[in-house]
Structures are given as structure tokens and as C-alpha cells.
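Step one of this worksheet: look at the structure below.
The values are calculated or read from the model by the stated rules, or taken from the named source; none is laboratory data. Since this is a predicted model, take the numbers as computed values, not measurements. Here the Cβ is made from the backbone with ideal geometry for all residues, glycine too, and neighbour counts use every protein chain on show. Keep in mind that these areas ignore ligands, DNA and RNA; they rest on the heavy atoms of the full protein, side chains included. Shrake-Rupley method; radii C 1.70, N 1.55, O 1.52, S 1.80 Å.
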Amino acid sequence: MNVETGTAIRLPATSEKVEEGPVIILQPQGRWPRLRLQDVWEYRDLLYFLVWRDVKVRYKQTVLGAAWAVLQPVLATIVFSIFFGRLAKVPSDGIPYPVFAYVALLPWQLFAFCLGESAHSLVTNQHLIKKVYFPRLVIPLSTVLTGLVDFGVAFIVLLILLFAYGIVPTAASLVLLPPLLLFAIAAALSVGIWLSALNVQFRDVRYTLPFLTQIWMFATPVVYSSHLVPAKWRPLYGLNPMTGVVEGFRWVLLGHAKGGAPQIWVSAGIVVLLLVGGLFYFRRMESTFADIV
């Protein structure tokens, strides 16, 4: 009893339940780590921030700015048209060579950009990795999405080029183009996550990557047609994931499917294997990034 007021003071009973906070259970990772891809969706705001940051920084303090996204494939198309189209007389299967080369250069430059940026992405963002926790997969994924901005700008030039040569994409092309673009993104991400994780442990990746990219381009039917490869070797040729991507773009936008079906299916299978294997390897090495980088 309270002597001054004459009222009773009720004390909390010890038997009452106290509200508990969330319970966190720590378990060993095991030999096969869980992918936890839903974590990337939970950190989608960070993904958007990284993409927007990279887009602004990419052409900061440049005179031409975003025009470089157009100049790079256009200048490459002009060079290829002169040396391969006119001088070397490389066959383009009845398609005007500038169109033939530009259609292939779009997905290739997206792939090459993602390859270079994602390989160095973890090392470049080491200040974030050492200070804050977030799914590390967000970093190489943001570089791939950043490359889509350049792809979108350069794709407008492709539409102008198609109409200039009297090539009109069909309605089926518009339907198949988004899945094909997803195929190109998956191909870039499948190789990019491997290189990003490997570059943390082995800095030799930065020195071998330019050479690898050049060799890879000539191993991909960018400046030549894949039908020049003997028919019996075409499925094996499809082990290069970019072969199916390039042939798919030519098939959808130009209606050119000569000898391309085997490569597309084989390349799609290789992309799935590389992507799944890369995700497991990335997750397995993720816990060591902050210590090594």
C-alpha cells in the first residue's frame, strides 16, 4: 500500500511472459551453400543505388557523355565493314554487312562491358564490403544492369539502321526480343560472377581479361557467319555461350536462322550450367571476401 495516497501499487508478476525479440540461429554453411537469391530482392534499393551511381560516374567529366554508348558500336561497325566486308569479302549471308555486324556487336559489347566491370567490381567496392553487410551478389549484378543503359541507347541506332536498309522487324521479333535480351544478360552474369569471385583471390584476372576478351570476340560469330563453321562442328561451337546469343539476335531481328539453331540450344545449356555453378561458387567464397579483398 502507498501510505500517502492510500492506493495500491500493483507490481508485475514474475510469471507474466516477457516479449522476446527475434531468434537468430547460426548454422554451418555446409558443403553446398544456400543461394538465398531472395536476399538480392530485399536489397533492391541498394541495387538501384549502385546502378544509378555507376551510370552517373561512367560518363562524368566527358565531353561527349552518353554519346560514347553509340560511338563505340558505330565506329567498330565502320572498321569491320571496311576491313572484313569490303577488303576481306567476308560473306554476310545476303545481309548488308553493316547491319550484319552491328546486330552482333550490340550483345557482344554488352557482354564485354559486363565482363570487364563485374570482374573488378568486388575489388573496386572493397570499402563497402569491409564496412557493411549486404548480399555481395548485388555488386556484380549492378554492373550488368548498368550495361543495359548503353545497350538501350545503341539499340535505337540499330532500329534506324534497319529501316535505312529496308529491313522491318516482324511482330514475332518484338515478342522474342525480351527473352533473348534476358539470355544475353544471363550469359554476361554467368561469366561475370565467376571472374568477380576469382579476381578477389587471384589478381592475375585483371591482366588476362583484356587478352581473353579479344580472343573471345573472334571465337564468336561477330564479324563472320557461323555457317562458315562445318556443320558437324556447330554444336561444339555452341559451347561458346555468346555464339547462341549472337545467332539469336540475328535470327530475331534479321530473320537469319541459317545453321543457328544447334548453337542457340547448346549455348543456352552452357549458360544455365555456368550461371548455377557460378552462383554456388560465389556464395561459397562470399564469407571470405571481406578478409581477402
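Some observations on this one:
- For residue 46, the conditions (1) modelled with pLDDT of 75 or more; (2) surrounded by fewer than 10 Cβ atoms within 10 Å (Cβ to Cβ) are fulfilled apart from (2).
- Residue selection: residue 74 fails the criterion of being open to solvent by 40 Å² or more (accessible area, probe 1.4 Å) and without any contact (Cβ under 8 Å) to a residue 60 or more places away in the chain.
- Filter result for the condition that a residue is within 17 Å of residue 281 (Cβ to Cβ), buried (at least 16 other Cβ atoms within 10 Å of the Cβ) and in contact with an Asp or Glu (Cβ under 9 Å, 6 or more places away or on another chain), over 197, 188: 197
- Of the residues 15, 81, the single one that is open to solvent by less than 90 Å² (accessible area, probe 1.4 Å) and either over 30 Å from residue 250 (Cα atoms) or modelled with pLDDT of 85 or more (or both) is 81.
- In the stretch 160-174, the residue that is farthest from residue 271 (Cα to Cα) out of those that are of a type in the set (A, V, I, L, M, F, W, C) and modelled with pLDDT under 85 is 168.
- Any hit, the stretch 216-235, residues being closer than 18 Å to residue 120 by Cα, out of contact with any Pro (no Cβ under 7 Å at 6 or more places or on another chain), open to solvent by 60 Å² or more (accessible area, probe 1.4 Å) and touching a residue at least 60 places away in the same chain (Cβ under 8 Å): no
- Applying the set (1) of a type in the set (S, T, N, Q); (2) open to solvent by less than 20 Å² (accessible area, probe 1.4 Å); (3) under 18 Å from residue 111 (Cβ atoms) to residue 213 leaves exactly one unmet item: (2).
- Near pairs, Cβ below 7 angstrom, 6+ apart or cross-chain, from the stretch 268-293 (in contact (Cβ under 8 Å) with a residue 40 or more places away in the chain) to any residue that is polar (S, T, N, Q): 271/190; 274/190; 275/190; 278/190; 292/201; 293/126
- The single condition among (1) modelled with pLDDT under 85; (2) closer than 23 Å to residue 284 by Cα; (3) open to solvent by less than 70 Å² (accessible area, probe 1.4 Å) that residue 204 does not meet is (3).
- As a summary of the residue check, residue 163 satisfies the conditions (1) over 21 Å from the mean Cα position of the chain (by Cα); (2) open to solvent by less than 60 Å² (accessible area, probe 1.4 Å) except for the one numbered (2).
- Candidate set from the stretch 84-140 (those that are of a type in the set (Phe, Trp, Tyr) and part of a loop (DSSP other than H, G, I, E, B)); member that is most open to solvent (accessible area, probe 1.4 Å): 133
- Any pair with Cβ under 6 angstrom, 6 or more apart, that starts in the stretch 237-255 at a residue that is without any contact (Cβ under 8 Å) to a residue 40 or more places away in the chain and open to solvent by less than 10 Å² (accessible area, probe 1.4 Å) and ends at one that is outside any helix (DSSP H, G or I) and not polar (S, T, N, Q): 247/260
- Take the conditions (1) more than 24 Å from residue 56 (Cα to Cα); (2) touching a residue at least 24 places away in the same chain (Cβ under 8 Å); residue 141 misses just one of them, which is (1).
- Residue in the stretch 52-73 that is of a type in the set (A, V, I, L, M, F, W, C) and at pLDDT 90 or above present: no
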